[in-house]
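Visitor: Sharing a structure with you now.
The values are calculated or read from the model by the stated rules, or taken from the named source; none is laboratory data. What you see is a predicted model, and the numbers here were worked out from it, not measured in a lab. Neighbour counts run over all protein chains shown; Cβ positions are idealised from the backbone, glycine included.
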Amino acid sequence: MKTTAAIDHVNIRPGVSVLTVLAHLNYRPWFALAEFVDNSIQSFLTNRETLCEANQTKLRVTIDIHPADTGSITVRDNAAGIAAADFPRAFRPAELPPDRSGLGEFGMGMKSAACWFAPRWSVRSAAFGEGVERSVNFDIDQIVRDSLDELEVKSRKCRIDDHLTEIVLRDLHRVPIGRTLSKIRTHLTDIYRVFVRDNVLELKFNGEELHYQQPAILNAPYYRDPNGSPRVWIKPFDFNFGDDLRAHGFAAIRRKASVSDAGFALFRRNRLIQGSGDEGYRPEFIFGKPNTFPYQRIFGEIHLEGFEVSHTKDGFQWDENEQPFLELLKEHISTNEMP
């Protein structure tokens, strides 16, 4: 059993007034929820070898939204938990993690998403191998009113092999209902399709396990040669365009046209950043106008390396690189053998 120091409080500097600002971030509910899933995935990947030795080979994350009364959201995982050494950092806004190469790179995800959703939230976590379960409660109004910069941590003993993190958001600023729940389900399915497909993640939303179904790909002759041999219209690509920037993935033609569901999905570190649900990435340079064949038929997955993303992880920071990227992409996906 690991020997760990007792933790009675966590420091939440910088100034607590920043917590009130987080409620006004430009989030959409699926990207806010994705912040919690990102943390779970990163915890699992970082500790994967240890967890596999304990016969856990898959991460399970559940998200449950309860719209009754003022609404609540519960996010629970079986990742490695928040270790004692990481506990103080985990609750300080903008405290950068020591390793920024994974899904948690800004030190803001859990705090910003939780405050965006709710003024009151709690975290309960047990780190694998420590035998201690710790809980922290956030009440933003009280924290700001009393200028608190420390919060009490409640601890209790648990089994040495317990490992979990549970986040409960209460008195929601925005209670997702109706069509929003359907959109959340669709977007989360797209955002984490790679991890689900690779059998790393089992993600459940309101009791339903999420699985991505790739659109059927057109199998037909080239339209300019209708009597020619049919072909499956999919084209892989992989290219670099300077400054350690790389794009790889595939482009394909849908068998059935869709005004809402065509377009590219753009990934970074296997997590979708842009192009989920009915918001496919469809720049006019490649797709043309909405009433055109390419706009309704082309789709694919593009994995980008070397790019920065927005702090809400819902868009790429292109700088001056988007047009060169699109020119190379168009060149690679439309060749003589696969026009």
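Visitor: With respect to Val144, is the statement that it is surrounded by 17 or more Cβ atoms within 10 Å (Cβ to Cβ) and either at negative phi or in the same structural domain as Asp77 (by TED's automatic domain parsing) (or both) true? Walk me through it before giving the result.
Guide: Numbers: surrounded by 17 or more Cβ atoms within 10 Å (Cβ to Cβ): no; either at negative phi or in the same structural domain as Asp77 (by TED's automatic domain parsing) (or both): yes.
Spelling it out, it is not the case that Val144 is surrounded by 17 or more Cβ atoms within 10 Å (Cβ to Cβ) and either at negative phi or in the same structural domain as Asp77 (by TED's automatic domain parsing) (or both).
Visitor: For region 259-277, how many residues are at pLDDT below 95 and surrounded by 15 or more Cβ atoms within 10 Å (Cβ to Cβ)? Before you say what the answer is, go through the steps one by one.
Guide: Filtering region 259-277 for residues at pLDDT below 95 gives 259-261.
Adding the requirement that they be surrounded by 15 or more Cβ atoms within 10 Å (Cβ to Cβ) leaves 261.
Here the count works out to 1.
Visitor: Within region 216-231, can one find any residue that is over 24 Å from Glu331 (Cβ atoms) and surrounded by 12 or more Cβ atoms within 10 Å (Cβ to Cβ)? Before the answer, list the steps.
Guide: Within region 216-231, the first condition is being over 24 Å from Glu331 (Cβ atoms), and the residues that meet it are 216, 219, 226-227, 229-230.
Add one more test, that the residue is surrounded by 12 or more Cβ atoms within 10 Å (Cβ to Cβ), and what stays is 219.
Checking region 216-231: at least one residue is over 24 Å from Glu331 (Cβ atoms) and surrounded by 12 or more Cβ atoms within 10 Å (Cβ to Cβ).
Visitor: Out of all the residues in region 138-154, is one or more farther than 30 Å from Gly306 by Cα, at pLDDT 95 or above and not β-branched (Val, Ile, Thr)?
Guide: First, the residues of region 138-154 that are farther than 30 Å from Gly306 by Cα: 138-154.
From what is left, the residues that are at pLDDT 95 or above are 154.
Checking the rest, the ones that are also not β-branched (Val, Ile, Thr) come to 154.
Yes, the conditions are met somewhere in region 138-154.
Visitor: Suppose we keep only residues that are of a type in the set (A, V, I, L, M) and within 27 Å of Asp38 (Cα to Cα) within region 303-335. Which one would you say is surrounded by the most Cβ atoms within 10 Å (Cβ to Cβ)? It would help to see each step written out before you state the result.
Guide: Taking region 303-335 first, the residues of a type in the set (A, V, I, L, M) are 304, 309, 326, 328-329, 333.
Among the residues that remain, those that are also within 27 Å of Asp38 (Cα to Cα) are: 304, 309.
Details: Leu304: 21, Val309: 19.
Here the residue is Leu304.
Visitor: Going through region 282-302 one residue at a time, which ones are surrounded by fewer than 18 Cβ atoms within 10 Å (Cβ to Cβ) and either outside any loop (DSSP other than H, G, I, E, B) or touching a residue at least 24 places away in the same chain (Cβ under 8 Å) (or both)?
Guide: Pro283, Glu284, Phe285, Pro290, Phe293, Pro294
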